[in-house]
Structures are given as C-alpha cells and as structure tokens.
Amino acid sequence: MTALPQSPSRRRRLLIAITLLVSVALAAWRFTPRGDAGFVGTWSMSEETKPEMGELALLSSGLGRWSNPGFPGSTTFPWHFDGEHLVLGNESEGQVTRAIQVVSNWIHQLTSHEFAYGDGEEPYRVLRISADEIRLEDPSSQSKFILRRVRD
C-alpha cells in the first residue's frame with residue numbers, strides 16, 4: 001500500500017502543533033528555577049581585608065552576572081551550589097561550547113558584555129550564610145570573601 005499525501009491544512013496544523021510544543025518546552029525550561037534560593041539576589045562582593053570589588057547578581061535561572069563599577073561591561077556565567085561550595089562558571093567542551101564562545105567573543109567586542117561558558121569552574125567554600133550576608137573562602141588561595149545583599 002502507498003501512503004496518501006497529506007493535505008496542506010493537515011501539514012499546517014502539524015507544523016503549528018510542533019511549534020507550540022517546542023515553545024512551551026523552551027518556556028518551561030527557561031522559567032524553571034535552577035539556583036539555590038538562599039543565594040538568589042544581588043550581592044556586593046569584597047575580599048575580607050579589602051574594599052568592595054564589584055557586584056554579583058545570582059539569578060534563579062542558574063545564571064549569574066558580575067560587574068565592576070570601575071570597568072565597563074559585565075560577565076554572565078552559569079552558577080550552582082553543590083552543598084558545600086558556591087560554584088561560579090562551568091566546565092564544558094565540545095562543538096556547542098566552542099560555538100557559544102565564538103558568539104560570546106563577538107558580542108563582547110560589540111557590547112563589552114561577556115558570556116563565560118565552558119571557561120572553568122571557580123568553587124568557593126561557603127563558611128556562613130544568612131539572609132543578608134554570605135562568607136566564602138577560595139580553597140586554592142585561602143582568601144576569604146564577603147557577599148552582602150544589595151537587593152532582591
């Protein structure tokens with residue numbers, strides 16, 4: 001038996017249904033919280049013995065943004081909490097990572113905004129956390145950092 005060709009209206013309905021399903025799936029993925037709620041917010045970051053270094057915004061989507069008042073531009077990166085460490089950045093390899101890095105470099109040249117993906121992880125041991133302050137330690141250098149909540 002041979003299959004009958006589909007009518008144009010049936011193909012159109014199928015295309016609309018697929019587009020709708022993909023759109024709903026992308027929206028659900030985008031708005032599903034990934035970050036630990038205790039860390040979500042905007043924080044002023046300083047080293048324990050030095051003045052403020054910059055502003056760190058941690059979004060519930062699992063993305064973070066670093067900006068330094070003295071320099072133009074900002075950096076967006078993935079983040080997560082593994083139970084003991086606040087991990088900024090991620091380890092990733094492959095063609096998708098390389099494509100993201102190429103696009104990020106192009107956007108950085110145009111806008112001074114960088115998207116750091118696959119550039120490595122920076123884990124910070126969480127020493128203490130409260131609603132308005134987080135104390136961190138860099139395990140490699142033993143430097144201590146203080147995050148103070150700026151706004152939600």
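Between Glu48 and Val24, residue separation times 0.36 nm minus the direct Cα-Cα distance comes to 4.2 nm.
When the range 41-151 is described by a simple charge dipole with +1 on each Lys and Arg Cβ and -1 on each Asp and Glu Cβ, the residue from Ile146, Ala99, Leu136 located farthest towards its positive end is Ile146.
By DSSP, the beta bridges lying fully in the range 41-151 are antiparallel in about 95 percent of cases. Taking 37 °C and 0.692 mPa s as the conditions, I'd like the Stokes-Einstein D for the range 41-151 in µm²/s, using the Kirkwood hydrodynamic radius from alpha carbon pairs. Using the Kirkwood radius from Cα pairs, D works out to 222 µm²/s. For the range 120-152, the residues whose backbone nitrogen is under 14 Å from a point 7 Å from the Cα of Val87, taken along Cα to Cβ, are 120-126.
Rounded to the nearest 20 debye, the dipole magnitude of the range 41-151 is 340 debye, with +1 charges on Lys and Arg beta carbons, -1 on Asp and Glu beta carbons, and the Cα centre as origin.
We did not get these values from a lab; they are worked out from the coordinates using the rules stated. What you are looking at is a predicted structure, and each value in this text was computed from that prediction instead of being measured. No Cβ is skipped: glycine too gets one built from the backbone with ideal geometry, and neighbour counts run over all protein chains shown.
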